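This report concerns only the one structure given below.
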Amino acid sequence: MAKPVLLVVMDGVGFSKTGLGDAVTLANTPTLDRLLRECPNTRLKAHGDAVGLPTDDDMGNSEVGHNALGCGQIYSQGAKLVNESIESGKMYQSEAWKELVDNCKANNSTLHFIGLLSDGNVHSNIKHLFKMLTEAKNEGIKKARVHILLDGRDVPATSAPIYIEQLESFLKELNADGAFDGKIASGGGRMKVTMDRYQADWPMVELGWKTHVKGEGRQFASAMEAVETYRKENDGIIDQDLPAFVIAENGEPVGKIVDKDSVILFNFRGDRAIELSMAFDDDDFTAFDRGAKPDVCFAGMLQYDGDLKLPARFLVNPPEITNTLTEVLVAAGLNEYAVSETQKYGHVTYFWNGNKSDKFSEELETYKEIPSDNVSFDQRPWMKSAEITDDLIEVIKSKKYDFIRCNYPNGDMVGHTGSLDSTIIGVEAVDLGLSRLIKVCDEYGVTLVVTADHGNADEMLEKNKKGEVQVRTAHSLNPVPFIIYDKEVKYTIKDDTKYAPGVPTKYGLANVAPTIVKMLGLTAPDCWQESMI
Ligand code: 3PG
Ligand code: CO
């Protein structure tokens, strides 16, 4: 009988290439250091083509990272699929696009866009918005309103004015001939308004509904005025935390969402788009009081959840991820267990299983969610690492599971706040978790595999175009660790090119599932990447 395997995903813990604000190296990590010194290990590519993103300039993220970890394959991801659909014109031939446009034309109504305004390419891309606005005008739409969520989390922390400026001048040009009326209508920082995930904080989405749909909230003459005012009022505030705003003229919101309008949620990634989609789509919605719900034609950029069919209308088909690790384990009758705290719970369940919220087997799959605190995680950098570890220890002791996986969110969630000091503590909390797990793995004969989905904590500072050092809140493009700890079995990593700056890593995140399957004595599907052992 193969030994059980425990996979630890240290979210956002990579190996720095620049050394700038490297919280992973700065942290006191005796266990990680020991594992890297004594155990078979390598570095995995976690960005760009290794995870199905358009180019190697695209940093990795948790969605594409967990997809690749969970399925042993590389699928073209949302960012790439939307590019292709727009370039080929396929998007505009889709039923959904036609319905959205026909609805506005038939009713002389407004086409609304809601989404993250940046080129981070993690949840959205401003270029997609521009292309759709142009096409809408070409197809005879007269009026568009854009509801902008300010980023500063996948792009530089205070870069919102750059994107607002780009959108304002784009709209100005589009409006110039008088045949089109495009305006920014509302918005706010993505961590304050609308983009909650995994139902951690529904009031955020309720605020988004009030802001974008009802036009309720503090009024400003322009988005730029809102950002400047909020910055003056909140010293040191970064874009993701900016409060909600409504753009108004003569006291009247310029872009409430009303009956007969069409609405496009232009984010392609699902986790932070699902709750707003539910608010627009679900008839028996109870998460908050929507008031009189406008009767609109709503579409998502993608279908964010294939099991829930959410949203029902969407512009681009999502990647169809099949032959996942879970399916292989279920077919073999093995028991698996997944745990994280709320912020990353869907990462080890929904993203892991190819963006599916349903289980493949109720009997063989067990999920556990540990509720996250609703705070900015620089205030609680340890997050729920202790609780996750406690839970894992109990689960290992139960001897019920063949494959156990967890995600420690600290390196990523604290990393996104931009606080180097707190991120160091976050990484240390993960290291403590590992040290506790090693003991139980030794005692209960479990193989421990440690990796990460992408970098973040490893690069808390960056140089801007002028060469000045500034805070970095986004993920890094760095490789991540892959370590096998087993007291009894001696594993060797095949053909390992020891990492050195400039030397490409041989393996990527999609090589993890095949390796685990081999440890468990199972055969990997032919379509998978190769095993590292
Ligand atoms: C977020 O949604 O918090 C960031 O855009 C990406 O972070 P994640 O990919 O690590 O979840
Ligand atoms: Co992240």
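The values are calculated or read from the model by the stated rules, or taken from the named source; none is laboratory data. The model shown is predicted, which means the values in this text are computed figures rather than measured ones. Here the Cβ is made from the backbone with ideal geometry for all residues, glycine too, and neighbour counts use every protein chain on show. To get the accessible areas, we keep the full protein, side chains included, count just its heavy atoms, and leave off ligands, DNA and RNA. Shrake-Rupley method; radii C 1.70, N 1.55, O 1.52, S 1.80 Å.
Averaged over residues, the count of other Cβ atoms within 10 Å places the peptides 516-522, 7-13, 21-27 in the sequence 7-13, 21-27, 516-522, highest first. With R₀ set to 51 Å, the beta-carbon distance separating GLU394 from ASN250 gives a calculated FRET efficiency near 0.25. Across every direction, the projection of the convex hull enclosing the Cα atoms of the range 171-259 has a mean area of 7.3 nm². Tilt of helix 420-444 relative to the longest C-alpha principal axis of the chain, in degrees (0 to 90, nearest 10)? Computed tilt is about 40 degrees. The angle between the Cα long axis of helix 62-71 and the main principal axis of the chain comes to about 50°, on a 0 to 90 degree scale. Each of GLU95 and ARG218 was given a label point 7 Å from its Cα along the Cα-to-Cβ line. The distance between the two points is 4.4 nm.
Evaluated on the range 13-77, the Kirkwood hydrodynamic radius is 13.6 Å, with distances taken between all distinct Cα atoms.
Entry comment: accessible area of the chain is 38 Å² per residue, from protein heavy atoms only and a probe of 1.4 Å. Summarised as an ellipsoid, the chain has semi-axes of 41, 24, 21 Å, derived from the eigenvalues of the Cα gyration tensor scaled by 5 and square-rooted, with the largest first.
Of the peptides 60-72, 362-374, the order by per-residue mean of other Cβ atoms within 10 Å, starting with the highest, comes out as 60-72, 362-374. Put a dot 7 Å past the Cα of CYS39, heading toward its Cβ, do the same for VAL489, and the two dots end up 1.3 nm apart. Here's the list of lysines a cross-link from LYS384 could span, going by alpha-carbon distance under 22 Å and ignoring same-chain residues fewer than 8 apart: LYS192, LYS344, LYS368, LYS397, LYS439. Label sites at VAL258 and GLU173, each approximated as a point 7 angstrom past Cα along Cα to Cβ, lie 3.1 nm apart. In whole angstrom, the range 282-321 maps to an equivalent ellipsoid with semi-axes of 23, 12, 6, each derived as √(5λ) from the alpha carbon gyration tensor and ordered largest first. In the chain, the calculated helix contribution to ellipticity at 222 nm averages -9500 deg cm²/dmol per residue, counting -39,500 (n - 2.57) for every DSSP H run with n ≥ 4.
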